[in-house]
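Step one of this worksheet: look at the structure below.
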Amino acid sequence: MHRACPGVHVLIVDDGSPDGTGELADELALADPDRVHVMHRASKAGLGAAYLAGFRWGLNRQYSVLVEMDADGSHAPEELHRLLDAVDAGADLAIGSRYVDGGQVRNWPRRRLLLSRTANTYSRLLLGVDIRDITAGYRAYRREVLEKIDLDAVDSKGYCFQIDLTWRAINHGFKVVEVPITFTERELGQSKMSGSNIREAIFKVAEWGIRGRLDRARGIVR
């Protein structure tokens, strides 16, 4: 990361990982305490809760841009500049997209690719948004977006979290752009995608789609 973008600060959120991630993260922070930080969470409260904890940490320390990315090698640090450049150019939320021109997915099983494509199409149609990769987890937020969103009201636990925050950002009138990235399947470890994650996304997106249409008819912004 620091070879690609020397000036960035990194927060590693260790959500009770049993594989030694926390210990390795502590070693990295000890070697570079000014730029590398670690948050240890004792209980697993879901992906969304871990992201929210990280966002609050960054907001409390007055960072102007907050980036989320996977730490398993799926998101290339060398492409971070694309997200930051998009924010510098005026985006409030820059999404690293696998499905816009120039975006790629490498080494994913056909089933996972089909599931991802289906989830994005489903969300795009029900929510009425023109985002090709609304489930993407490589993204940069201007701090004003996260300050405007009521983070205490966000209760999405799984991968639906990405859809949730994008939907809220759009509803608040923020500018959301997609930039192409290459997503590479992890070499080690297993995906935490589960049936409960999928069910959560199906029902929540349907609820948001219906509620969004009613809110627009009433002139309400959430």
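The values are calculated or read from the model by the stated rules, or taken from the named source; none is laboratory data. In this text the structure is predicted, and so the values were computed from the model without any measurement. Because the Cβ atoms are built from the backbone with ideal geometry, glycine has one as well, and the counts that use them run over all protein chains shown.
Okay, here's what the table says:
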| quantity | calculated |
| --- | --- |
| Any hit, the stretch 21-43, residues being modelled with pLDDT of 95 or more, surrounded by fewer than 17 Cβ atoms within 10 Å (Cβ to Cβ), within 20 Å of the chain's Cα centre (by Cα) and not polar (S, T, N, Q) | yes |
| The lone exception for Ser64 - which of (1) out of contact with any helix residue (DSSP H, G or I) (no Cβ under 6 Å at 6 or more places or on another chain); (2) within 20 Å of Val177 (Cβ to Cβ) it fails | (1) |
| Qualifying residues in the stretch 44-70 (those that are more than 18 Å from Cys160 (Cβ to Cβ) and basic (Lys, Arg)) - the one surrounded by the fewest Cβ atoms within 10 Å (Cβ to Cβ) | Arg61 |
| Selected residue (only one of Ala49, Ala4 is under 24 Å from Asn107 (Cβ atoms) and not assigned by the TED database to the domain that holds Val154) | Ala4 |
| Count of the stretch 85-99 residues which are surrounded by fewer than 18 Cβ atoms within 10 Å (Cβ to Cβ) and on the phi < 0 side of the Ramachandran plot | 3 |
| Residue tally, condition within 14 Å of Val38 (Cα to Cα) and surrounded by fewer than 19 Cβ atoms within 10 Å (Cβ to Cβ), over the stretch 1-11 | 1 |
| Top-ranked residue of the stretch 100-111 - restricted to ones that are closer than 9 Å to Pro180 by Cβ and not aliphatic (A, V, I, L, M), ranked as surrounded by the fewest Cβ atoms within 10 Å (Cβ to Cβ) | Asp101 |
| Selection from the stretch 29-61 of residues that are more than 30 Å from Glu200 (Cβ to Cβ) and touching a helix residue (DSSP H, G or I) at 6+ places or on another chain (Cβ under 7 Å) | Val36 |
